[in-house]
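Step one of this worksheet: look at the structure below.
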Amino acid sequence: MTYMKHTSLLLFALILLTPLVSASPSSIREALLAHNQVRAKDHQQPLKWSKDLENISQNWADKLASSCRVYHHRGQLPFGENLFFSSNASSITRAVNAWAAEKKNYNYKQNKCQPGKQCGHYTQIVWKGTTEVGCGTKQCANGSQIWVCSYFPAGNIVGARPF
């Protein structure tokens, strides 16, 4: 089975297992604006909203919030994933800006993060091949908030540059 067929089947299976949810039009606009402002600074094409990725992200945010712990999906997935945790209510703009702030940790010439620093959230946002995003959020019982954004196709391919 080819990689693309395998990837498509896995994505399809995840979508089938994900309950349908729906972000408000204003939430979608805010998420796209935040992401696409970051991408524009690096001359990348704007992302489009994916209901499928939104559903996957919302399902994952719901699961994480049930224990108020943040961790990535396990295994090789057909989509990229950024997670954001706030100790109080937050916004998607704040989450995206926190991820984008990692740009200062990324050395394009060497194509790597500064030692001991993170930059993978930023590189996922600006990944040239990524065309779609979908996000979800859930508040924990203690008032903390978790944001999840999923990206397709996934970025952060080892050895490749984001753009």
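The values are calculated or read from the model by the stated rules, or taken from the named source; none is laboratory data. From a predicted model like this one, the values you see are computed outputs, not experimental measurements. Neighbour counts are summed over all protein chains in view; Cβ atoms, including those assigned to glycine, are modelled from backbone coordinates with ideal geometry. These accessible areas exclude ligands, DNA and RNA; they are computed on the full protein's heavy atoms, side chains included. Shrake-Rupley method; radii C 1.70, N 1.55, O 1.52, S 1.80 Å.
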Item to check | Failed condition for ASN156, given (1) free of Cβ contacts under 8 Å to residues at least 40 places away in the same chain; (2) open to solvent by 50 Å² or more (accessible area, probe 1.4 Å) | outcome: (1)
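For every residue, the table says whether it meets (1) of a type outside the set (S, T, N, Q); (2) out of contact with any Phe, Trp or Tyr (no Cβ under 6 Å at 6 or more places or on another chain); (3) closer than 24 Å to LYS48 by Cβ.
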{"site": "TYR71", "(1), (2), (3)": "yes, yes, no"}
{"site": "PHE84", "(1), (2), (3)": "yes, no, yes"}
{"site": "ALA95", "(1), (2), (3)": "yes, no, yes"}
{"site": "GLY134", "(1), (2), (3)": "yes, yes, yes"}
{"site": "CYS140", "(1), (2), (3)": "yes, yes, no"}
{"site": "VAL158", "(1), (2), (3)": "yes, yes, no"}
Item to check | Residues (closer than 17 Å to ILE125 by Cα and either open to solvent by 70 Å² or more (accessible area, probe 1.4 Å) or assigned to a loop (DSSP other than H, G, I, E, B) (or both)) located in the stretch 64-84 | outcome: HIS72, LEU77, PRO78, PHE79
Next on the checklist: Of everything in the stretch 142-153, what is open to solvent by 10 Å² or more (accessible area, probe 1.4 Å), over 16 Å from SER50 (Cα atoms) and assigned to a loop (DSSP other than H, G, I, E, B)? Give them in sequence order.
Outcome noted: ASN142, GLY143
Checklist outcome for this item: A careful count of residues in the stretch 99-137 that are part of a helix (DSSP H, G or I) and either open to solvent by less than 40 Å² (accessible area, probe 1.4 Å) or touching a strand residue (DSSP E or B) at 6+ places or on another chain (Cβ under 6 Å) (or both) gives 11
